[in-house]
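The values are calculated or read from the model by the stated rules, or taken from the named source; none is laboratory data. The structure displayed is predicted, hence computed values, not measured ones. All Cβ positions, glycine included, derive from the backbone under ideal geometry; neighbour counts span all protein chains shown.
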Amino acid sequence: MARGIKDKVAILGMGCSKFGERWDSGAEELMLEAYKECLKDAGIDQNQLQAAWFSTAIDEVHVGKSGIPLSTTLRLPNIPVTHVENMCASGTEAFRGACYAVASGAADFALALGVEKLKDTGYGGLPGGRGGPLQALWNASGTAPGNFAQLATAYMTAHGVSGEDLKKAIGHVSWKSHQNGAKNPKAHLQKAVEMDTILNAPMIASPLGLFDCCGVSDGAAAAIVTTPEIAKALGKHDIVSVKALQLSVSNGSESGHNSWDGSYFHTTRIASKKAYEEAGIKNPRDEVSMFEVHDCFSVTELVTMEDLHISEPGKGWRDVLDGFYDADGKIPCQIDGGLKCFGHPIGASGLRMLYEMYLQIQGKAGPRQLKDPRIGMTHNLGGAPRENISSVAIVGRYE
Amino acid sequence: MVGIVAFGAYVPRLRLNRQAAYDANKWFAPGLRGLAKGERSMANWDEDSITMAVEASRDCLTSHKAEDVRNIYFASTTHPFKDRQNAGVIGTALNVEQNLSATDIGGSLKAGTSALIAGLNASKGGAPSLVAAADKRLARVASSGELNYGDGAAALLCGTENVIAKLVGHHSVSMDFVDHFRGDESDFDYGWEERWIRDEGYSKIVPPAIKAALAACKLKGSDITQFIMPSLMPAVPKQMAKICGIAEGAVRDLLGANLGDTGAAHALVMLVDALEGAKAGDKIMVVAFGQGVDTLVFEVTAEKDKLPKRKGVSGWMARRKEEKNYMKFLAFNDMLPIEKGMRAEFDKKTALSVLWRKRDMIYGLVGGKCRVCGTVQFPRSQVCVNPNCHAIDSQDPYAMAGLECSVMSFTADSLVYSPDPPGYYGMITFPEGGRFMADFTDSDKDQVKVGAKMRMTFRIRDNDQMRGGFKRYFWKAAPV
């Protein structure tokens with residue numbers, strides 16, 4: 001394997017806007033809100049930035065294409081700005097680009113900023129109607145909940161899990177995240193929810209009910225990265241460094257070849273395995289302190305915890321019900337409230353997850369603070385179970 | 001000897017309960033009470049005359065190869081396109097293009113029989129001709145047509161080999177007797193008084209036409225064992241038969257009780273219905289009335305019993321779901337300004353250049369089969385999808401429309417826009433290999449399960465109303 005990214009890049013500063021239905025703000029205001037906090041935290045001058053990566057996924061409903069919206073909004077010093085889009089993995093992609101720039105030596109300071117302004121469409125849920133002219137002629141007319149609901153049906157079939165058990169387990173996934181999100185002032189939904197409410201909510205796409213779906217919200221998050229050496233030279237301590245950045249993209253075998261049974265994320269299994277290797281993690285169930293994973297839907301989180309090699313295949317639902325991923329469990333998952341409570345402004349989500357890991361490792365997470373976390377792992381899943389992009393990032397204390 | 005070599009039909013699954021329709025409208029039209037019994041076939045929202053004709057053609061070609069067809073005639077008064085070869089869409093859906101002549105025939109309720117005459121004549125030299133007829137007529141709210149019409153299709157393959165019903169003769173008269181019409185500025189029929197139609201139309205025009213046909217065939221009325229004559233006035237066919245010396249027992253049922261009158265298709269639907277139970281030696285007369293009269297006489301041969309089984313009218317009639325929701329009937333026919341929500345607003349523009357390049361994939365459901373590893377896949381691509389193969393430029397076209405498939409995963413989606421919510425879709429897999437995420441149709445909660453067997457059916461996917469109604473067709477999975 002290549003030498004990898006481990007400990008070559010440090011997070012110098014991060015910022016995150018308040019997430020929610022930000023009727024008061026456009027994408028530009030959200031970007032600036034995250035950026036101001038990030039720049040202040042980094043403690044550098046804007047003119048020291050040498051490159052930027054800018055992530056959005058559905059920019060046709062807000063800022064539009066190219067790197068110009070970021071450069072113009074922040075009045076960046078005419079540095080290279082790369083606009084990235086990789087569906088729900090876009091935020092992590094922006095971070096990956098900035099990290100690689102620093103690791104290569106091309107830049108000492110690089111910015112990654114992700115934003116999505118979804119609440120100017122006039123209706124709930126994600127904007128639909130994407131895809132090219134050929135897809136429009138044959139792709140099933142599905143929505144995100146409909147696609148992920150099928151993960152649930154296939155998972156139940158593959159592992160012989162009853163509908164009742166699965167519903168309870170995915171209900172617990174959402175219950176736990178709402179418990180966590182209630183402690184986070186930046187979350188969109190800051191309310192704990194009773195299990196009965198979750199289980200009896202209206203059906204969106206069977207078997208996923210309302211509380212099995214993450215919210216749709218507006219938000220932005222940003223990171224400035226540099227090398228650990230520069231960070232130290234700037235007087236930083238408790239440095240958080242990047243341990244692994246991996247991405248795996250479907251090549252059509254799940255959607256077109258009968259070898260996949262629909263019950264798991266092929267790409268996540270690959271990306272996480274490579275990430276553990278890159279980070280030097282031998283036994284993730286013992287070594288990872290916390291997760292922020294892509295809980296676009298409750299069942300996505302449940303299955304993801306198996307594909308990240310934490311729960312055994314077909315056993316994740318039992319770990320969930322045992323409280324393994326609760327705030328007081330062995331490995332807390334979505335300690336900030338997750339997509340469930342933050343909603344999913346697509347281009348921002350990956351960076352929002354890293355923001356929580358960054359706060360937790362530095363001991364700055366306030367009422368949500370976990371005891372002595374050392375390694376945090378984030379995960380995004382863009383697309384649908386049958387065809388997707390899986391991104392994982394591992395960050396931890398630089399020692 | 002030219003004649004019919006195979007037959008097929010199609011009837012939509014839904015049957016509108018006429019009492020329910022009457023109950024909704026009796027405040028306005030209490031006089032329709034006499035029609036408020038039984039049911040009529042009702043196309044699903046994603047069906048039109050093309051999709052129904054494709055299904056009937058597939059049923060007909062159960063026993064024959066589509067690629068042998070040299071002519072397609074498509075009769076309807078509701079062709080989805082005024083200028084675009086409707087019959088050609090059927091051809092592409094059947095994966096027939098080369099050496100094919102495609103013709104649309106319309107403009108009259110006898111379009112079906114006119115197409116059959118054209119098909120038989122075209123096949124005299126041996127070239128097989130497929131004659132498809134389908135209609136999905138709209139009728140005004142609280143009209144008798146709304147209760148009397150039905151949606152459906154029939155298809156007949158004409159040829160000279162293994163003829164199951166040989167053409168004895170045919171005869172036509174054409175005269176501009178306007179019992180009803182539908183101008184190009186209206187979706188609905190406008191009709192004259194029934195008593196006038198009966199006395200001045202049927203009674204004076206049909207008997208001479210039948211007698212001329214009998215004379216041309218050197219037959220007497222009493223020779224006819226099955227007499228087929230669609231009419232919205234059930235007594236009329238019996239009267240015509242009587243005048244011409246045809247036994248009352250030969251007069252075929254109009255299928256009005258549970259199907260309705262399928263317009264230009266109805267004579268052929270009734271013919272298929274008759275052929276299903278016919279035996280060698282039967283003499284079948286088909287009469288269609290519409291600004292003149294077409295009369296055809298067939299004699300059933302011993303080959304009929306050798307024809308492999310197909311669904312036919314009876315098979316499709318047996319697949320039935322009662323619909324008592326009259327509002328749904330209106331909505332499916334776009335006669336109710338229903339609030340569809342913003343998710344229905346997405347642009348449905350079709351890139352015609354893409355459609356042309358991919359027409360075998362989109363209309364023919366043709367995938368690929370890898371010559372190196374044998375993997376069947378959809379869509380056909382340049383690099384094999386098998387993770388252990390990935391051979392390049394290795395795939396031959398592989399038709400998948402006729403293959404049974406099964407549900408691997410599915411959902412009922414209440415968020416997606418569907419004219420018939422919730423939207424059912426899921427991953428379907430083909431036993432030979434190949435899979436894709438497909439929309440489901442004609443599906444109910446209790447039918448769709450993981451592992452359920454499905455059959456592919458040609459349906460409307462979208463209607464681009466912004467551009468005058470360009471229908472996008474593709475294949476959907478329906479429970480077997």
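Checked against (1) of a type outside the set (Lys, Arg); (2) more than 14 Å from A:Ser298 (Cβ to Cβ); (3) surrounded by 18 or more Cβ atoms within 10 Å (Cβ to Cβ), A:Gly132 passes all but condition (3). The set of residues in the stretch B:433-460 that are on the phi < 0 side of the Ramachandran plot, within 12 Å of chain A (Cβ to nearest Cβ) and not in a strand (DSSP E or B) comprises B:Thr441, B:Lys445, B:Val448, B:Lys449, B:Val450, B:Ala452. Inclusion of A:Lys168 among residues that are outside any helix (DSSP H, G or I) and among the basic types (Lys, Arg) is not warranted.
Here B:Ala118, B:Ala102 are screened, and the one residue that is surrounded by fewer than 21 Cβ atoms within 10 Å (Cβ to Cβ) and in contact (Cβ under 8 Å) with a residue 40 or more places away in the chain is B:Ala118. Put simply, of A:Ala154, A:Ala149, A:Ala144, A:Ala140 the only residue that is free of Cβ contacts under 8 Å to residues at least 40 places away in the same chain and within 12 Å of chain B (Cβ to nearest Cβ) is A:Ala140. Whether any residue in the stretch B:461-468 is buried (at least 18 other Cβ atoms within 10 Å of the Cβ) and not in a strand (DSSP E or B) is what I want to check. No, because not a single residue in the stretch B:461-468 is buried (at least 18 other Cβ atoms within 10 Å of the Cβ) and not in a strand (DSSP E or B). When you check B:Pro431 against the structure, is it free of Cβ contacts under 8 Å to residues at least 60 places away in the same chain and over 30 Å from A:Leu210 (Cβ atoms), yes or no? Yes, satisfied. Among the residues of the stretch A:111-137, the one identified as touching a residue at least 12 places away in the same chain (Cβ under 8 Å), at the interface with another protein chain (Cβ under 8 Å from one of its Cβ atoms) and closer than 22 Å to B:Lys471 by Cα is A:Gly128. Checked against (1) assigned to a helix (DSSP H, G or I); (2) buried (at least 21 other Cβ atoms within 10 Å of the Cβ); (3) of a type in the set (Val, Ile, Thr), A:Thr157 passes all but a single condition, namely (2). Being free of Cβ contacts under 8 Å to residues at least 60 places away in the same chain, closer than 24 Å to B:Gly260 by Cα and surrounded by fewer than 23 Cβ atoms within 10 Å (Cβ to Cβ): is that true of B:Ala127 here? Taking the combined requirement at face value, the residue does not satisfy it.
Evaluation of B:Asp396 against the conditions (1) touching a Cys at 6+ places or on another chain (Cβ under 9 Å); (2) exposed (fewer than 14 other Cβ atoms within 10 Å of the Cβ); (3) more than 30 Å from B:Ala66 (Cβ to Cβ) shows that the sole unmet condition is (3). Candidates are the residues of the stretch B:199-251 that are free of Cβ contacts under 8 Å to residues at least 60 places away in the same chain and touching a Phe, Trp or Tyr at 6+ places or on another chain (Cβ under 6 Å); the one that is nearest to B:Lys110 (Cα to Cα) is B:Val236. When the strands (runs of 3 or more DSSP E) confined to the stretch A:177-295 are screened for residues that are away from chain B (no Cβ under 14 Å), those reaching at least 3 such residues are found at A:219-226, A:240-249, A:290-292. Being part of a helix (DSSP H, G or I) and under 25 Å from the mean Cα position of the chain (by Cα): is that true of B:Leu147 here? The answer is yes for B:Leu147. Kindly indicate whether B:Asp223 is within 22 Å of B:Ser76 (Cα to Cα) and either among the charged types (D, E, K, R) or not assigned by TED's automatic domain parsing to the domain that holds B:Ala115 (or both). No; evaluated as a whole, the condition is false for this residue. Taken over the stretch B:390-432, the residue count meeting the criterion of being assigned to a loop (DSSP other than H, G, I, E, B), within 7 Å of another protein chain (Cβ to nearest Cβ) and either among the hydroxyl-bearing types (Ser, Thr, Tyr) or in contact with a His (Cβ under 6 Å, 6 or more places away or on another chain) (or both) is 1. In the stretch B:1-113, counting only helices (runs of 4 or more DSSP H) that sit wholly within it, the ones holding 2 or more residues that are in contact with a Ser or Thr (Cβ under 7 Å, 6 or more places away or on another chain) and either within 30 Å of B:Gly468 (Cβ to Cβ) or modelled with pLDDT under 95 (or both) span B:49-60, B:86-93. With respect to the conditions (1) in a strand (DSSP E or B); (2) touching a Lys or Arg at 6+ places or on another chain (Cβ under 8 Å), A:Leu111 falls short on a single one, namely (2).
Taken over the stretch A:353-399, residues that are buried (at least 21 other Cβ atoms within 10 Å of the Cβ), within 21 Å of A:Ile239 (Cβ to Cβ) and of a type in the set (D, E, K, R) amount to 1. Exactly one residue out of B:Leu271, B:Leu255, B:Leu275, B:Leu296 is in the same structural domain as B:Gly145 (by TED's automatic domain parsing), in a loop (DSSP other than H, G, I, E, B), crowded, with 20+ Cβ neighbours inside 10 Å and under 22 Å from the mean Cα position of the chain (by Cα), and it is B:Leu255. Here the stretch B:15-42 is the region considered, the condition is being under 19 Å from the mean Cα position of the chain (by Cα) and surrounded by fewer than 24 Cβ atoms within 10 Å (Cβ to Cβ), and the residue that is nearest to B:Ala87 (Cα to Cα) is B:Arg15. Taking helices (runs of 4 or more DSSP H) as the structural unit, those lying wholly within the stretch B:323-389 and holding at least 2 residues that are surrounded by 14 or more Cβ atoms within 10 Å (Cβ to Cβ) and within 10 Å of another protein chain (Cβ to nearest Cβ) correspond to B:352-357, B:359-362.
Picking from residues in the stretch B:302-322 that are among the aliphatic types (A, V, I, L, M) and either more than 18 Å from the chain's Cα centre (by Cα) or not assigned by TED's automatic domain parsing to the domain that holds B:Ala24 (or both), the one that is surrounded by the most Cβ atoms within 10 Å (Cβ to Cβ) is B:Leu307.
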